[in-house]
Amino acid sequence: CLADETAVLLLYSLVQGNSDFLEYVLVRTDLDTLFMPILETLYSASRRTSNQIYMLLIILLILSQDSSFNASIHKMILPGVPWYKEHLLHQTSLGSLMVIILIRTVQYNLSKLRDVYLHTTCLATLANMAPHVHRLSAYASQRLVSLFYMLSRKYNKLVELRDDKLQTKAISTGDGLVEDMSAELQIYTDFLRIVLEILNAILTYALPRNPEVVYAIMHRQEVFQPFKSHPRFAELLENIYNVLDFFNSRMDAQRMDGEWSVEKVLLFIINNCRSWRGEGMKMFTQLHFSYEQESHPEEFFIPYVWQLVLSRCGFSFNADAITLFPVGMHANKEIYYDEMNTNQNGELNEQRVQVDP
């Protein structure tokens, strides 16, 4: 029933507000029963309301807070995904499909909705999943590296626009435009850093189990080059280039008869993963995002519920007399996020993520 917005709202209410129901979902062995409809609904995001998309993404974020869930979704293998049309997905894990759909949602948001908070929710879920990734598929690995490339293009475009405005001193447009560009640039800087931290978490904690991720990074290593000296990214890219240097040097030292085919490179990576010891890798504190509902959720949910009632009840109401909500209202949500950090004793302090009405 998750194609129905009312069912999505009910599921969100149960997952967010009922700890017993949440535990019941997390311990089930047939996670695909719930997740395939969720992911299929997100796949058709263009035909859904923004509220429906938000609810589903928040549900995924809540579930991704559980480490056992993050591990178990990679153990479930799907024979096929018939509704996914862009690429043939055969014998792919539920975890790989979730990565693909979350990245596709970011891509859709970049071109259509352009909602900062939707980006943050998707990336927060991916960050929670990253240390537990197991045998990520080739296509999911490629999409993960492409995500960095997509966001970097947006980042570079903003840098060019801001610099053009600064150089031309376009006073007629007002200083506010430059300030807005700088603020948006900061947001995309944060997004790029989160993606680098996601890749770092996979390489640091799960590299031997994810040869396809290593292959994808090696295949598109040029996308990271422009950011090597960036002050926000340099330390994270050191780890990525440490991995690249390890595999590139061994590949250069190995004589091959003929060209390096995809199959030969992948086999080479799998064999050399066994000798990977992670030497020289910097250990960063794992990102961990969690969802918190705001202190007065009724300010969003009461008008939202009545809006759904109005649209589906079949009764006639005088729209001009409605004061509880504007007809056709699409409420916004706010998301706040931060990294986990360590205190003076080296213990982790978890920061909360709020994805709130």
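The values are calculated or read from the model by the stated rules, or taken from the named source; none is laboratory data. Note that the coordinates shown come from a computational prediction; the quantities given were computed from them, not determined experimentally. Cβ coordinates were reconstructed from backbone atoms using ideal geometry, including for glycine residues, and neighbour counts include every protein chain displayed. Calculation scope for accessible area: heavy atoms of the full protein, side chains included, ligands and nucleic acids excluded. Shrake-Rupley method; radii C 1.70, N 1.55, O 1.52, S 1.80 Å.
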For all pairs of alpha-carbon atoms in the chain, what percent lies in each bin of width 20 Å, listed from the first bin to the last filled one?
26, 54, 18, 1
Relative to the longest principal axis of the C-alpha atoms of the chain, give the angle of the C-alpha long axis of helix 32-43, reported between 0 and 90° and rounded to the nearest 10°.
80
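For the full complex of protein chains and a 1.4 angstrom probe, list M181, M98 by accessible area with the highest value first. The partial results should precede the final answer.
Details: M181 25, M98 0 Å².
Per-residue accessible area, sorted high to low, gives M181, M98.
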Taking r as the C-beta separation of A321 and E179 and R0 as 41 Å, the FRET efficiency to the nearest 0.05 is 0.50
On the accessible surface of segment 78-119, probed at 1.4 Å, how many percent belong to carbon and sulfur atoms?
55
Report the residue, chosen from G258, G95, G280, that carries the largest GNM mean-square fluctuation when the chain is represented by alpha-carbon nodes joined by springs under 10 Å.
G258
Probe 1.4 Å, all chains present, heavy atoms only: C1 accessible area in Å², nearest 10, is 140
May I ask for the percentage of alpha-carbon pairs in segment 138-281 that lie more than 24 Å from each other?
41
Which pairs, out of K112/K154; K112/K165; K154/K282, put more than 23 Å between their alpha-carbon atoms?
K112/K165; K154/K282
In nm, the gap between the two label points placed 7 Å beyond Cα toward Cβ at L308 and Q186 is 3.6
Accessible area per residue for the chain in Å², computed with a 1.4 Å probe and the full protein assembly in place, what is it?
51
Hey, any idea what % of segment 138-281's accessible area is carbon plus sulfur with a 1.4 Å probe?
49
Using only the alpha-carbon atoms, how far is helix 298-312 inclined from the longest principal axis of the chain? Give it as 0 to 90 degrees, nearest 10.
70
